[in-house]
Every structure is written in structure tokens, then in C-alpha cells.
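Q: Starting off with a structure, shown below.
The values are calculated or read from the model by the stated rules, or taken from the named source; none is laboratory data. What you see is a predicted model; the values in this text were computed from it and never measured. For neighbour counting, all protein chains shown are included, and Cβ atoms are generated from backbone atoms with ideal geometry for every residue, glycine included. Just so you know, the surface numbers come from the protein's heavy atoms only, side chains and all, with ligands and any DNA or RNA stripped out. Shrake-Rupley method; radii C 1.70, N 1.55, O 1.52, S 1.80 Å.
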Amino acid sequence: MFGGFAVLWLAAALTVTWLLFGARLGALSGVMGPTGSFVVTGCFEGLEEGDTHCRGRYTPSGAEAATRVGMLLRSAGDEHRPGTRRPVRLVGDDVYEPSPVGTFGYVSMAGWTVSTLGMPGLWMLASARRGRTADGDGYVFAWLAALMGAIALGLAVMPFAWILSLIRG
């Protein structure tokens, strides 16, 4: 029974991570989401330092100008001047520019989230397999290594995201 709970815990950790980061990560990497163009009307600084958001009009690819919709461009690469046209990907009610730097940040944060939420599940699974409570010291060091691994994975994915943003826009 404890093993079943551990498996449910791990599945929940993966589900939460996907819900928090999956679609946005796909849009930032240029892999997922409908494409379109975004014309900037104004930019402002987001909640986090260095995070820029822009207001403007989104037009889906292949659509006429009459289908433009006012939207928010989250995590813009730079503060764009009004009238600037940018290729974007749609996620829900927001649009995202394909960005290698944004992809690095989201891959790293997704790795941190899944390792932080998943490590207790791994400990419970090991305890259930052994039939007694496993020593947690090694899991703390494994968690720290997973956090560093998430940063390394983000750096490794960055060149591929850069190539995808050039090819797919």
C-alpha cells in the first residue's frame, strides 16, 4: 500500500510540473502552440527583475487583420518599441516569443520542481521496497545533485531551442 501511494505521489509530481511548465515551455522552445504574429502597442516590466511583458494585438498565422485580438506577450526577449511585429506562439490567453534564454529558465525551473516534488516519492518507494524506512541522507544529496542537473539540462537544451527558434519562429 505504501508503494502504491509512492507511485501516486510521483505521478502527481509529474502532473503538477507538466501543468505548471509544459505548454509554456513548448511555446518558448518553438515546438508547441499555434503560430502567429504579435504587434506591440507597449511594454512594461513584469513582477520579476528582467522580466518584460508587452501588450499588443495577436493575429493567427494565415488569418486576416480582422481577426486580431488584444493579448499579453509574456517574457518578451527585449522591451520592444510600439509597432514592432514579432513571431509568437499562443498558449491559453497569452503569447510567447520563442526564446532560448526563456527555454533555459523554464527547463531549469521544471527540473527543480519535479525533483523537489518527486524526491519524497522516491524515498517512499525505496522504503516500501525494502520493507523499512530508508535512510534519507542519500536522498538529500541526490536532490541537490538533481537541482544542479536541472541547470545543466537547461544549458544543454538552450542550443537546440536557439536552432528551433530560428527555424520555426
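Q: Please report the antiparallel percentage of the DSSP beta bridges confined to the chain, to the nearest 5.
A: Working: 23 of 26 bridges.
Close to 90 percent.
Q: Need the full-extension length gain, ARG57 to VAL101, defined as separation in residues times 0.36 nm minus the C-alpha distance. One decimal, nm.
A: 13.5 nm
Q: Just subtract the alpha-carbon distance of LEU144 and ILE163 from 0.36 nm times their residue separation and send over the number in nm, one decimal. List each step's numbers first, then the result.
A: Numbers: separation 19, 0.36 × 19 = 6.84 nm, distance 3.02 nm.
That works out to 3.8 nm of additional length.
Q: Further question on the same structure: Where nothing but the Cβ of Lys and Arg (+1) and of Asp and Glu (-1) is charged, how large is the charge dipole of the range 17-169 around its Cα centre, in debye to the nearest 20? Mind showing how you got there, number by number?
A: Numbers: 13 positive and 12 negative charges, 97 e Å.
So the magnitude is around 460 debye.
Q: Same structure, new question: With no solvent and one equal point scatterer placed on each C-alpha of the range 111-169, evaluate the Debye formula and give log10 I(q)/I(0) for q = 0.12, 0.17, 0.21, 0.22 Å⁻¹, two decimals.
A: Debye curve over Cα of the range 111-169, log10 I(q)/I(0) at q = 0.12, 0.17, 0.21, 0.22 Å⁻¹: -0.43, -0.64, -0.79, -0.83.
Q: A follow-up question, please. For every helix of n ≥ 4 consecutive DSSP H residues, a contribution of -39,500 (n - 2.57) applies; sum these over the chain, divide by its total residues, and give [θ] at 222 nm rounded to the nearest 500 deg cm²/dmol. Show your work: numbers first, answer last.
A: Values: 4 runs with 86 residues, N = 169.
Calculated mean residue ellipticity at 222 nm is -17500 deg cm²/dmol.
Q: Considering only protein heavy atoms and a 1.4 Å probe, what is the carbon-and-sulfur percentage of the accessible area of the range 1-154? Walk me through the intermediate numbers first.
A: On the way: 5620 of 8770 Å².
Of all accessible area on the range 1-154, carbon and sulfur atoms account for 64 percent.
Q: Hey, if you drop one equal point scatterer on each alpha-carbon of the chain and run the Debye formula without solvent, what base-10 log of I(q)/I(0) do you get at q = 0.13, 0.17 Å⁻¹?
A: Computed log10 I(q)/I(0) values: -0.71, -0.98.
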